Amino acid sequence: MTTLVMKFGGASVGTTAALSQMLGIVLYEAAQWDHVVLVVSALDGVTDALIDAAHLAQFGNERGYRRIAANLRARHLALAEGLQLGKTELAALQADLDKLLFDLLSAFQRITQKNRDALSAENLDAAVSMGERLAALIVAVLLRQHGLRAVAIDAADIIITDANFGAATPNLTLTQERIDRDLRPMLERNILPVLTGFIGATPTHKPTTLGRGGSDYSASILAVGTKATEVWVWSDVDGIMSADPHEVLDARVIGELSYNEMAELAHFGARILHARMVAPLRQHQIPLRVKNVYKPQLAGTLIHAKTGSDNQIKSVTQIAGVALAIDRSGPYGEIANLVDQHMQREIGTSSDVMIAAQSAQRTFITCVVPASAGPDAVSALVESLGRELNTTGPSPRWHVQQVSIVTAIGDGINSVPRLAAKLFAALGDIPILAASFGAGGCSLSLVVSQAEADTVLREIHRVAINS
Ligand code: ASP
Ligand code: MG
């Protein structure tokens, strides 16, 4: 039995043109595989709009959140109308969408009533989970209209998580039970389930989300649970690139990556896949493909367990960080905790020390700021840390600065020093503040000042494409 899990992101369900691409792909693949499982994200921008609306609700701005809900309604209904459904199908779909939108307004009302002080992650999850539910309904109806036995399934009934709202972790045992009980029998009856990505629920049915971009992670959990043959993630780029094409013009698609390389890439700033999706696939050796919905004929990138490494630098990423330095050697646990507190407060995520370097008279640590935190997060963090460090504590004082962590990724990089040598040679006289081989065995990270980051990125990329 072959099973294909396909995840379609917001850009590949957001417009009528994208939906018709998706339809063609699903019709074709449904004929190639014994079972197909779909995972869909909310339409482009919908999750952001829902978060904005929830904040308006928190401040009692009823007109504000109602306006956003009305826009969402108009957008989903227009998409439904563009599908050229029969009259009854369209009316039924509109009624289903309206029921969800009604529940959404109730969720906002609850936020207004309860959350004058802080918007709880629990109430936020209840509201933002609606985006994926709306999208799954539309996709399932479209597929049914074209002869597939598709059914929209709310992943809150399948993916059971802990109660860490906003970044929940699935409970694999409970989730497996649901998959075996509810999903497996559908597949055996040749039903094509269209699951909502991104969302789950606690064992007591409270809606949770798996973190921004979490639909990828949903696809990977469902692939493990259904013992899938492969997982394909469809987006609007040609695959995983050798660098961010916005930063490096001659970036190109990478044909193949190992699970380790992909995990490091996601960890160090490549935004295309959710960082937590790789580990379950690696553990169960399920191959992953990243493909472009607009060019399904292209192979995209294949991520799998490669035998042997091909000893080359494949990709280079850049991520923002904060570096802290002090003119003494000694413990740094306290300062790491302080960074963590500020990061929790400013960005809502916890921090990890990525690189720590010490010598006789100096300590230097670097913490990564996740890409999901947004462009202004690092400067806000550096400022708030700087303020505290300058007013409290004895001297010498910790000095804080915004840095970039540029990471070269490739399976041989830790074991074949020649690769690292090429890379250092390419950097000429650019100062490196700290360097570290990744614990994952296939990455080398360099901490550089923000001003040098783009040059370092481009120089390493040049080595990558020539290696
Ligand atoms: N819709 C969610 C988000 O925007 C999840 C996803 O797209 O994967 O983060
Ligand atoms: Mg994504």
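Structural remarks
- Residue list for region 22-53, filter: in contact with a Phe, Trp or Tyr (Cβ under 6 Å, 6 or more places away or on another chain) and away from ligand 2 (no atom under 16 Å from the Cβ): ALA53
- Boolean, ALA91 is over 25 Å from the mean Cα position of the chain (by Cα) and either under 20 Å from LEU192 (Cβ atoms) or not β-branched (Val, Ile, Thr) (or both): yes
- Conditions (1) aliphatic (A, V, I, L, M); (2) outside any loop (DSSP other than H, G, I, E, B); (3) in contact with a Pro (Cβ under 8 Å, 6 or more places away or on another chain); (4) away from ligand 1 (no atom under 16 Å from the Cβ): number failed by VAL231: (4)
- Those helices (runs of 4 or more DSSP H) of region 1-105 in which at least 1 residues are closer than 28 Å to ARG189 by Cα and in contact (Cβ under 8 Å) with a residue 12 or more places away in the chain, considering only elements entirely within it, cover 16-32, 62-81.
- Counted residues, region 425-449 - those being surrounded by 15 or more Cβ atoms within 10 Å (Cβ to Cβ) and part of a helix (DSSP H, G or I): 1
- Filtered residues of region 265-297 (kept if in contact with a His (Cβ under 6 Å, 6 or more places away or on another chain) and aliphatic (A, V, I, L, M)): ALA275
Every residue, every condition in (1) farther than 15 Å from PRO207 by Cβ; (2) β-branched (Val, Ile, Thr), yes or no:
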residue	(1), (2)
LEU43	yes, no
THR47	no, yes
ASP52	yes, no
ARG63	yes, no
ARG110	no, no
ALA126	no, no
MET130	no, no
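- Single residue of ALA408, ALA464 found to be within 18 Å of ASN311 (Cα to Cα), in a strand (DSSP E or B) and touching a strand residue (DSSP E or B) at 6+ places or on another chain (Cβ under 9 Å): ALA408
- Out of VAL406, VAL448, VAL416, sole residue that is among the β-branched types (Val, Ile, Thr) and either at pLDDT below 95 or farther than 28 Å from GLN361 by Cα (or both): VAL416
- Region 188-216, subset away from ligand 1 (no atom under 16 Å from the Cβ) and part of a loop (DSSP other than H, G, I, E, B), residue farthest from ASP44 (Cα to Cα): ARG189
- Filtered residues of region 6-18 (kept if touching a helix residue (DSSP H, G or I) at 6+ places or on another chain (Cβ under 6 Å) and either more than 15 Å from ligand 2 (Cβ to nearest atom) or at pLDDT below 95 (or both)): SER12, VAL13, ALA18
- Any hit, region 268-278, residues being more than 16 Å from ligand 2 (Cβ to nearest atom) and either within 16 Å of the chain's Cα centre (by Cα) or of a type outside the set (Ser, Thr, Tyr) (or both): yes
- Of residues in region 190-221 being of a type outside the set (Ser, Thr, Tyr) and touching an Asp or Glu at 6+ places or on another chain (Cβ under 7 Å), the one surrounded by the fewest Cβ atoms within 10 Å (Cβ to Cβ): LYS206
The values are calculated or read from the model by the stated rules, or taken from the named source; none is laboratory data. Owing to the predicted nature of the structure, the values given are computational and were not obtained by experimental measurement. FYI the Cβ positions are ideal-geometry reconstructions off the backbone, even for glycines, and counts take in every protein chain you see.
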